[in-house]
Amino acid sequence: MAETSNLHIAVIGGGPGGYAAAFLAADLGMKVTLIDPEINPGGVCLYRGCIPSKALLHVAKLIDESRHAKNWGVDYADPKIDLDRLRSWKEGVVKKLTGGLGLLSKQRKVEYVRGRARFENSNTVWISQIDGKEEALSVDRVIIATGSRPAIIPSLKLETSRMMDSTGALNLREIPRNLLVIGGGYIGLELGTVYAALGCKVSVVEMLPGLLPGADRDLVLPLHKRLEKSFEAILLNTTVKSVKGEASGIRVTFDGPEVKECEKVFEKVLVSVGRKPNSEIPGLEKTLVQVNPRGFIQVNKQLQTDDPSIYAIGDVVGEPMLAHKASHEGRTAVEAIAGHKVAFEPNAIPAVVFSDPEIAWCGLTETQAQKENREVKVARFPWAASGRALTLDRTEGMTKLLIDQQTERVLGMGIVGVGAGELIAEGVVAIEMGALAKDLELSIHPHPTLSETVMQSAELFFGTSTDIYRPKK
Ligand SMILES: Cc1cc2nc3c(=O)[nH]c(=O)nc-3n(C[C@H](O)[C@H](O)[C@H](O)COP(=O)(O)OP(=O)(O)OC[C@H]3O[C@@H](n4cnc5c(N)ncnc54)[C@H](O)[C@@H]3O)c2cc1C
């Protein structure tokens, strides 16, 4: 193994990719400088992404359940929302976590510099510090972990606080009477769910024929049905032609075959049309780093760029733009720098949509299998036959396994239903360990839990399910 204790590395960006890389590098004995403008590490995920959105979604779920409780003989009064307290609770969660990361940096003796980095060459990084100071760092290796930002459609840009991106929506300044979410991806749906629970009339517009374009349609269907009840409108196959600021709101014009109302005024509009990698780092052209036409930095399986001294990880290197992918890449890059024989080649990166119901999948999807003409068998277990789902009054869910017909190996898993985000981890472990459907069938799952539906899907595959009757062919 190469001697790593003399290496000095600079990590640019303190998100889940950057701080994981910095902390592991320090643990492996390297001298580490971590650069980010925020007061503490955390990046998009902690300050304006995963964590604040999930804190608010938890509150949304509580509100929704309290309304639903009527059906079970428990009648709560309508909730009174104290927006200031809700906002400060969410901010408190962020502060606790990012403060914790600041402490962990100090404990590991990672030098944390608040500022923005630029390249002078492959081994020299300049930092424009938040206090105006300029500092040059001479380092052995650089890890770029600059993440991504909300994509903007120039024709939908208006200089008004009525127009928000995900960061603005998470700030939760007020609850508008109505809100248009442009983009039916996971971020738009999650934030739309929060605003709807807080009493706002939410409409979502998506130019494609379905919500969550990346997910299998059978997983999306139960969510779509529920959102039809909690949202004011779901406009599919529809594009936003123009937006115009007016005294009372934003006048939006729609275009598409299914459009019934061509124009509508919304108090607020949330633009959530994807994310763009932050690869325009000043001076990057003075290195050998290559950026592909979509703006992602090119890396190999060790996360090394075309410049041998520079590695890149996280959102800035490509899809899926997810925090857990970023942190695993960060760890791989550091181990590669340390000379360990490693490669980033996962068989399953889980994707979770924290909507209600949640949607989660990992490994091969049905859509992908069809595209690639792969012979797979799909075993679907409907939650209507799950005791636990019934006790929760949430039987709309479904668990499915994608199984290789020849080898009976588990290739993919998809779940829609409450808690799908927690349940999908079993699929990841099964796929990464090369589990067979038999392994899932024979593993005793606790009763009554939703996790049983994984085992029950495998039973369906073998025709041994005792929870569902399927006449023999
Ligand atoms: C609303 C929302 C919800 C999300 N929910 C989830 C979720 O539930 N689960 C999930 O897995 N993912 C979620 N994501 C995505 C997740 O936040 C990202 O995938 C993740 O943060 C990427 O991590 P990263 O380390 O690549 O970079 P980031 O977290 O984007 O951090 C990059 C950091 O680099 C800094 N930076 C940029 N340029 C420079 C420079 N030149 N010098 C110094 N610093 C620089 C930035 O300021 C930033 O702090 C969500 C995103 C959003 C917006």
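The values are calculated or read from the model by the stated rules, or taken from the named source; none is laboratory data. A quick note: this is a predicted structure, and the numbers were derived from the prediction, not measured. Backbone-built Cβ (ideal geometry, glycine too); neighbour counts: all protein chains shown. Heavy atoms of the whole protein, side chains included, go into the accessibility calculation; ligands, DNA and RNA do not. Shrake-Rupley method; radii C 1.70, N 1.55, O 1.52, S 1.80 Å.
Mind checking whether some residue in the range 195-202 is within 15 Å of the ligand (Cβ to nearest atom) and part of a helix (DSSP H, G or I)? Within the range 195-202, one or more residues are within 15 Å of the ligand (Cβ to nearest atom) and part of a helix (DSSP H, G or I).
Considering 46, 34, the condition of being over 22 Å from the mean Cα position of the chain (by Cα), within 15 Å of the ligand (Cβ to nearest atom) and buried (at least 24 other Cβ atoms within 10 Å of the Cβ) is satisfied by 34 alone. Within the range 438-473, the set of residues being touching a Lys or Arg at 6+ places or on another chain (Cβ under 9 Å) and farther than 21 Å from residue 420 by Cβ comprises 462, 463.
State whether one or more residues within the range 71-87 are aliphatic (A, V, I, L, M) and either within 16 Å of the ligand (Cβ to nearest atom) or in contact with a Cys (Cβ under 8 Å, 6 or more places away or on another chain) (or both). No, the range 71-87 contains no residue that is aliphatic (A, V, I, L, M) and either within 16 Å of the ligand (Cβ to nearest atom) or in contact with a Cys (Cβ under 8 Å, 6 or more places away or on another chain) (or both). Does residue 51 satisfy being at pLDDT 95 or above, open to solvent by 40 Å² or more (accessible area, probe 1.4 Å) and within 22 Å of the chain's Cα centre (by Cα)? The answer is yes for residue 51.
Taking (1) open to solvent by 30 Å² or more (accessible area, probe 1.4 Å); (2) part of a loop (DSSP other than H, G, I, E, B); (3) in contact with a Ser or Thr (Cβ under 9 Å, 6 or more places away or on another chain) in turn, residue 41 satisfies each apart from (1). Of all residues in the range 392-428, how many are part of a strand (DSSP E or B) and either open to solvent by less than 10 Å² (accessible area, probe 1.4 Å) or within 19 Å of residue 212 (Cβ to Cβ) (or both)? Number of matching residues: 13. The residues on offer are 92, 132, and the sole one that is under 17 Å from residue 43 (Cα atoms) and either exposed (fewer than 15 other Cβ atoms within 10 Å of the Cβ) or over 29 Å from the mean Cα position of the chain (by Cα) (or both) is 92. Scanning the range 364-375 for any residue that is out of contact with any Lys or Arg (no Cβ under 6 Å at 6 or more places or on another chain), in contact (Cβ under 8 Å) with a residue 40 or more places away in the chain and part of a strand (DSSP E or B) turns up nothing.
Does residue 380 satisfy the condition of being outside any loop (DSSP other than H, G, I, E, B), within 16 Å of the ligand (Cβ to nearest atom), over 22 Å from residue 276 (Cα atoms) and open to solvent by 10 Å² or more (accessible area, probe 1.4 Å)? In short, no.
Residues are listed down the side, and each one gets a yes or a no for (1) exposed (fewer than 14 other Cβ atoms within 10 Å of the Cβ); (2) over 12 Å from residue 272 (Cα atoms); (3) under 15 Å from the mean Cα position of the chain (by Cα):
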| position | (1), (2), (3) |
| --- | --- |
| 155 | yes, yes, no |
| 161 | yes, yes, no |
| 177 | yes, yes, no |
| 182 | no, no, no |
| 185 | no, no, yes |
| 196 | no, yes, no |
| 200 | no, yes, no |
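Return yes or no: is residue 345 within 16 Å of the ligand (Cβ to nearest atom), acidic (Asp, Glu), within 27 Å of residue 49 (Cα to Cα) and open to solvent by 40 Å² or more (accessible area, probe 1.4 Å)? Answer is no for this residue. Consider residue 234 carefully, then state whether it is at pLDDT 95 or above, within 16 Å of the ligand (Cβ to nearest atom) and within 25 Å of the chain's Cα centre (by Cα). Against the criterion (at pLDDT 95 or above, within 16 Å of the ligand (Cβ to nearest atom) and within 25 Å of the chain's Cα centre (by Cα)), residue 234 does not qualify. Going through the range 65-76 one residue at a time, which ones are farther than 14 Å from residue 198 by Cα and either charged (D, E, K, R) or part of a loop (DSSP other than H, G, I, E, B) (or both)? Scanning the range 65-76 gives 70, 73, 74, 75, 76. Counting only residues that are in a strand (DSSP E or B) and open to solvent by 40 Å² or more (accessible area, probe 1.4 Å), the range 310-342 holds 0 of them.
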